[in-house]
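Beneath this line is the structure, given in C-alpha cells, with notes to follow.
Values quoted throughout were computed directly from the atomic coordinates according to the rules given, and no laboratory measurement underlies them. What you see is a predicted model, and the numbers here were worked out from it, not measured in a lab. Positions of Cβ are backbone-derived with ideal geometry, glycine not excepted, and every protein chain shown enters the neighbour counts.
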Amino acid sequence: MELELRHLRVLCAIADTGSVGRAAALLGASQPATSTQLRRIERYLGAPLFERAASGVLPTCFGLEVLADAREVLARADRLGRRGSAGDAPAPRMLRLAATLSPVLPGLLTRARRQRPALRLSVSSVYRSSDILDLLEQGGADAGLAVDYPGREVRHSPAVAHRSIATEPTFVALPAGHRLRHRTEIALADLAAETWLLTPDDGAGWHAVFHGACAAAGFAPTTVHEFLGGRLELQELIATGLGISVVQATTRPLLDVVVKPLAGTPIWFRQLLVWRREAVDEEEVETLFGSAASAYRALVAVSPHYRAWAARTYRPGPGGA
C-alpha cells in the first residue's frame, strides 16, 4: 500500500470528529470500511495513531506527528489546486485572531506569515475560551485559539467551527528540591497535602476538571491559591517553594523547577482552532491549522519530559498495530 491524499483525509477526519463513526459519516463511507482503512494505515506506518478514550478516540503522540504532516501535505495540495496565474499577486488580507495564552501562538504566527505573506493577523489576548467563542458568535473576531476538555467539549452555533490541534496530557510542576522529584511519574493522590497554585477558570470548566480529578484520586485540596499571571511568573513562585501547579506537558521548566507526568494521566485538555465560517475561507483555515499543528509539534520536540512520557505510554506492540 502507498499513502494517498484520501488516506490523509481519513486520518484528519477521525482526529477532527474524535470518532471513527462520525468520520465515516463525514466522508460518506461506512464505519467498518473506515475502521479497516485506519488499521491498514497504522500497519503501513508501524504504530497506532489513535487510542480509545471515554469521549471517543484520541491521537497518540505518534499520531499527533503524523496528523501534523498530513495536514501540511493536504494544505499544500489544496494551494496547488487553487493557485491562479503566476502573475496574480494576492491582495492583503486581515484576520482578527483572539487567543488564550497558548505557547502555540508564537509559532502559529511565524509559520502563517511565512506561508502566506499577504495574510495579516491582528491578535487580541483573551483568557477565557468562552469569551473567545462569544467574540466569534458576535462577529468581534474571525478566528481564535481556545481549549476544552474530554467530556466537556466546546459548544457553539453552526456559524462557528472548530478543529482539534492537539489533545495534551496535563503534568505537574514542582520545586527542584521537592520530595517526589526523583519519581518518573507522580500519583495525584500523593500530592493531596500540597499547596496548589491554580490558574483562574478558563470558561471551559477548568476548575471543575481539576477538582474532579482530585476527588477521583480520593482527596480535596486543602490549600488552593488562585494565580493571576503568566507562565514564567507561575514557575518563579513554584521555584521558591510557595506551591505546585498542574501545567501543560510542553512546559519548558526553569532551572529550579521540574515537570513530571501524573500517573495514569487523570487530566487531559484539547487545544482548538476555532473560527467564524463566513469570515475565514477553507484555504485560510488550512493555513492557520497547519501552522498551529506544526508549532505544537515543535514544542513537543523540545520537551524531553513529554517525549519520555510518550515513549513509555505509546509503545507499538508486535507488528506495530
Expected unfolding gain across ALA311-ALA33 under the 0.36 nm per residue rule, minus the alpha-carbon gap, is 97.1 nm
Using 0.36 nm per residue of separation minus the Cα-Cα distance, give me the extension gain between GLU137 and ALA216 in nm, one decimal. 24.9 nm
Order of HIS7, HIS211 - criterion: other Cβ atoms within 10 Å of each residue's Cβ, fewest first: HIS211, HIS7
Given points 7 Å out from each Cα along the Cα-Cβ axis, report the ALA53 to LEU26 separation in nanometres with one decimal. 1.5
How big is the gap, in Å, between the Cα center of the range 90-130 and the Cα center of the range 211-277? 25
For the residues ARG181, ARG114, what sequence is obtained by ranking on other C-beta atoms within 10 Å, fewest first? ARG114, ARG181
Using the scaling law 2.2 N^0.38 Å as the reference, what is the normalised Cα Rg of the chain? 1.03
How would the range 1-58 be classified by its alpha-carbon gyration tensor: rounded, prolate or oblate, with rounded meaning a/c under 1.5 and the a/b versus b/c comparison settling the rest? oblate
Compute the FRET efficiency between ALA263 and VAL123 as 1/(1 + (r/R0)^6), taking r as their Cβ-Cβ distance and R0 = 35 Å, and round to the nearest 0.05. 0.40
Ranking of LEU242, LEU299, LEU133 by count of other Cβ atoms within 10 Å, fewest first: LEU242, LEU299, LEU133
